[in-house]
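The values are calculated or read from the model by the stated rules, or taken from the named source; none is laboratory data. It should be emphasised that the depicted structure is a prediction, and the values quoted were computed from it without experimental measurement. Cβ: placed from backbone, ideal geometry, glycine included. Neighbour counts: every protein chain shown. What goes into the accessible areas is simple: the full protein's heavy atoms, side chains included, and nothing from ligands, DNA or RNA. Shrake-Rupley method; radii C 1.70, N 1.55, O 1.52, S 1.80 Å.
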Amino acid sequence: MLKVESLNAYLGGLHILRGISLEVGKEETVALVGGNGAGKTTFINSVSGLIQPASGEISFDGKTIVGLPPHKRVLLGLIQVPEGRRIFPDMTVLENLEMGGFHIRDHLIFQQTKETIFSYFPILKERLNQHAKTLSGGEQQMLAIGRSLMCQPRMLMLDEPSLGLAPMLVKTIFKIITKINNAGVTILLIEQNV
């Protein structure tokens, strides 16, 4: 589903990625593990289109996506859950989810997608009208994943979903990621927590 070949990328004049290659097959879960500062976020941002690589090839479903803007990659089903959650803090849980489902025109599909998210994260349904900034760190991570699921991903790229979470909550999040994968969504997991 995703093929990255000989990827080179710079950040602030520093050569961060040097000839990185990686393949992720349909419905697989693949983890890219490395220490802080190893270039994991630069890699995922290059795949998402947030950083333009200096050279190399990135293809999704056999088609090159180098040069394709991030919003067009989202429409292909290539979705990123960013490091640090990056929810909209002054919006409610519902408004955050609506932002993720901006492209869904069919009300029924929108509602079904929302209900699927609530089956993974029932606490979000309880907190629907609560401002996102008032959620706990774990609930904010659930919201970030839920918002990304509203985009109806074919491939979900998670950038350090365990960051700053208690060990018990990390287990819960990873069980849900496994359920998402079992539902047919391909997973690329970026982590430093082995």
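In this structure, is ILE44 under 17 Å from LEU156 (Cβ atoms), outside any strand (DSSP E or B) and either open to solvent by less than 20 Å² (accessible area, probe 1.4 Å) or touching a residue at least 60 places away in the same chain (Cβ under 8 Å) (or both)?
yes
It is to be established whether one or more residues within region 22-38 are hydroxyl-bearing (Ser, Thr, Tyr) and in contact with a helix residue (DSSP H, G or I) (Cβ under 9 Å, 6 or more places away or on another chain).
yes
Condition test on LEU158, is it surrounded by fewer than 22 Cβ atoms within 10 Å (Cβ to Cβ) and in contact with a helix residue (DSSP H, G or I) (Cβ under 9 Å, 6 or more places away or on another chain)?
Criteria not met by LEU158.
Checking THR172 against (1) open to solvent by 20 Å² or more (accessible area, probe 1.4 Å); (2) part of a loop (DSSP other than H, G, I, E, B), which single condition isn't satisfied?
Going through the list (1) open to solvent by 20 Å² or more (accessible area, probe 1.4 Å); (2) part of a loop (DSSP other than H, G, I, E, B), THR172 breaks only (2).
Where in region 85-153 are there helices (runs of 4 or more DSSP H), lying fully within it, with 1 or more residues that are among the aromatic types (Phe, Trp, Tyr) and in contact (Cβ under 8 Å) with a residue 24 or more places away in the chain?
107-120
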